[in-house]
Structures are given as C-alpha cells and as structure tokens.
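The structure appears right after this line, and notes come after that.
The values are calculated or read from the model by the stated rules, or taken from the named source; none is laboratory data. What you are looking at is a predicted structure, and each value in this text was computed from that prediction instead of being measured. Here the Cβ is made from the backbone with ideal geometry for all residues, glycine too, and neighbour counts use every protein chain on show.
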Amino acid sequence: MLLSNADIISELLQQHKILGKVNDDLVNQQFFADSQCPYIEYVPWMVEYHTAYLNYNSCKAENFSIVFFEGKKQCALLNFSIFESSQGDMSILSNASGLLPPYLHPSLTRKQKRKYLQKAFDLYVSLAKRFNVKQLRFQTIFVSGESEGWLSILQKYGVPKFSQELFCDLKIEQMLYLQLIREKYKKHIKDGNRLWQAKILTAVTEQQFKEMKQLHFDVVGFQTRSDLTWQLLRDAINNHNAFAVTVYAAGRLIGAAIFSFTKDIAVYSMGVYDRSLFDKPVSHIVHAKAIEHMKFLGLKEYHLGARCNANEWMQPSIKESQIGYFKEGFMTHSKFKVTFDFLIAELDQ
C-alpha cells in the first residue's frame, strides 16, 4: 500500500523516538495559547497562506505542523511544507523559504531545548533523504538568547551566510520615533496627509476587498495569487489577525497594503500602489499610518523585511535593493538573517 506523506512523517517520528502530533488543529491551538508564540511564521493561517500561494504557482505543496511532546507536556512546534515542482523536483521549506527551527516552549530547560533542536534537525535530514531532496536550506533571524542552540547545531555541518533584516521598535514614543526616520520622509508624510485620504481598516467588506484585488490586477497586469490566498488575507483582517491601509485620491483607490500581526510582532504581507504615482509618497503615508496603528495595538516590533544590500550573498536585483532602501528609512534597528545550505549527500561524509 502506498503511504501518504503524513504516514511517512509518522513513521520517521517513531524512528527518531519523537512523540508528536501531526496536523492536529486542536493541539496546535493549545500550543499557541500556552506558549504565547510571538512569531507569525508559525501561525497556522500564515503557513496555509504560503502553501496556497505556491500551489497556485506551479507547485504541489503539502503543509505539516508537528507538536513535540514529552509525556503530556507540549515542548516544541515544527512547521514545514513538502513541495513538488512542475518538473518533479522535491524540496522541503518553511513558508516558501528556508527551513525554520522548531519554536520551543519557553518552559523547557536548557537540556530539553538542546534535545528537541537536535531531534528537529535530524528529522529534517531524514525527511530529505526519504523524499529525495538533494539540498536543504535553513534560515533564521538571529535573536539573542533564542537562536544560539539552533545555530550551534547548524555550524557543525556548514558555514553561515548573513544578510540584513530591518525592524522598527514600536515601543519608542511616537514623537521620538519621528526623529529617527529618514529626514526627507517627514516631508513626504506631511505631503501624503495633505494630498490624499489614508484610512486604517480593521474589517473589510467584500466590495472593499474586491477594490484592492482589482488595483493589484491593474498594476501587475495579471493574477499573481489564487483566490484562496486573497480569501485568507481577508479572513485574517476580519479575524483581527491583520489590518489594511488604503489611500484614496478624489474617491479613487491609489494604494493599499495589508499588515499581519501576532500579540507582539507585525509584518508587511502585501502592498500595491498606482504606478502612475510611483514618484509620489503613497507608500510613505501607508507605512506611517500602519506604524501608528501598530503602536495603538500595543505591538512591540514591526518587521519591515530584507534590506537587500547590493553585495549580499543572494545578489538581490536593483529593484529589491531599491525596495530595501525605502524600508530602511523607517527602521530603528536591524538583525542578521543566518542562512545555511547543505547538500544531503555531504552530511553523511
């Protein structure tokens, strides 16, 4: 009998002596409620969003969420997806990007943390071998006091590559924060407030969301994501897991963006702006309004995204570097993203 991917994963969990629940929604909800995980990369709806996005773009993707147990105690959460490209190539990723470490329950001892980090790494390698994945990419943003154990494992097998991620400290008082942003942005924000009507949406009607989708289609010229991914974004807003910022000029929508958040951290999920106003500060007023609202919500940090410096190892495009430069104007601090690439054949040598 042909085993399903879930059956294969359960078999590997037994081989590695891991007590775990696979894709159990109730267990996942209990873990999030108890652990107070602040990172949106582990949130179920966001994982589903990335999986749906790739399924629309010539991939067959299946997501798996595993909660590790020690007895009856929930210890760690591991999220990953198994992808098969249209050419039949297999890969294992987290949120359409490099593999994440497990999120460890904060009550674990130092010894327990090392144990489950190692088990997660070993499971990833076994999955790669079982699904004939030739290379694994691991990526994590370095957080002092959290990332050291995971990196100590990865550094046994390879050399890290570093890139810059941009953040905004939302705990800084608003008047002080305005002194920290790029000087010319202050004028851009004033001009944006004078020229257009920007609004925060904490719930969206079908008509409002249809208008955002239409602007995205008009700007890009084709549909880049499935109706399911759009629906997940709308549901996130209406379930208070995200909010939107819209900008109108004389009743015409000229910009819109969606920001997702957990109890602590916000991220930029989607944005689209009228290209005829490319040299105008539409996106400046969107980010300014969004950051004000994040502060109102009591969030601690806004992850703006990658800086994409011209000489970083992944060789970003000119456009990616320009977007990174724009985001840098709103940042208060940055962190390193650490990347490891491993050829599975070399791990056994």
Specify the residue that is modelled with the lowest pLDDT; the eligible residues are those in region 278-302 that are within 22 Å of residue 323 (Cα to Cα) and not in a helix (DSSP H, G or I).
278
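Can you tell which of 222, 209 is assigned by TED's automatic domain parsing to the domain that holds residue 244 and within 22 Å of residue 46 (Cβ to Cβ)?
Going through 222, 209 in turn, the sole match is 209.
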So residue 256 passes all but one of these: (1) buried (at least 18 other Cβ atoms within 10 Å of the Cβ); (2) farther than 27 Å from residue 38 by Cβ. Which condition number does it fail?
(2)
Would you be able to say whether some residue in region 159-177 is in contact with a helix residue (DSSP H, G or I) (Cβ under 9 Å, 6 or more places away or on another chain) and more than 30 Å from residue 292 (Cβ to Cβ)?
yes
Find the helices (runs of 4 or more DSSP H) located wholly in region 1-103 whose residues include 2 or more that are surrounded by fewer than 20 Cβ atoms within 10 Å (Cβ to Cβ) and among the polar types (S, T, N, Q), and list them.
5-15, 25-35
Here are the criteria: (1) under 21 Å from residue 342 (Cβ atoms); (2) within 22 Å of the chain's Cα centre (by Cα); (3) polar (S, T, N, Q). Tell me which single one residue 65 does not satisfy.
(1)
What tally of residues in region 138-187 results from selecting those that are touching a Lys or Arg at 6+ places or on another chain (Cβ under 8 Å), in a helix (DSSP H, G or I) and touching a residue at least 60 places away in the same chain (Cβ under 8 Å)?
1
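Does residue 190 satisfy the condition of being in a helix (DSSP H, G or I), among the charged types (D, E, K, R) and farther than 23 Å from residue 50 by Cα?
Working: in a helix (DSSP H, G or I): yes; among the charged types (D, E, K, R): yes; farther than 23 Å from residue 50 by Cα: yes.
Yes; evaluated as a whole, the condition is true for this residue.
Scan region 12-26 for residues that are touching a strand residue (DSSP E or B) at 6+ places or on another chain (Cβ under 8 Å) and either closer than 19 Å to residue 94 by Cβ or among the charged types (D, E, K, R) (or both) and jot them down.
Restricting attention to region 12-26, the residues satisfying the condition of being touching a strand residue (DSSP E or B) at 6+ places or on another chain (Cβ under 8 Å) are 13, 18-24.
Once the filter is applied, which keeps residues that are touching a strand residue (DSSP E or B) at 6+ places or on another chain (Cβ under 8 Å) and either closer than 19 Å to residue 94 by Cβ or among the charged types (D, E, K, R) (or both), region 12-26 yields 13, 18, 20, 21, 22, 23, 24.
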Matching option when the condition is in contact with a Pro (Cβ under 7 Å, 6 or more places away or on another chain) and more than 27 Å from residue 184 (Cβ to Cβ), among 265, 237
265
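Could we say that residue 266 is under 17 Å from the mean Cα position of the chain (by Cα), at pLDDT 95 or above and not assigned by TED's automatic domain parsing to the domain that holds residue 127 here? Reasoning before the result, please.
Numbers: under 17 Å from the mean Cα position of the chain (by Cα): yes; at pLDDT 95 or above: yes; not assigned by TED's automatic domain parsing to the domain that holds residue 127: yes.
In short, yes.
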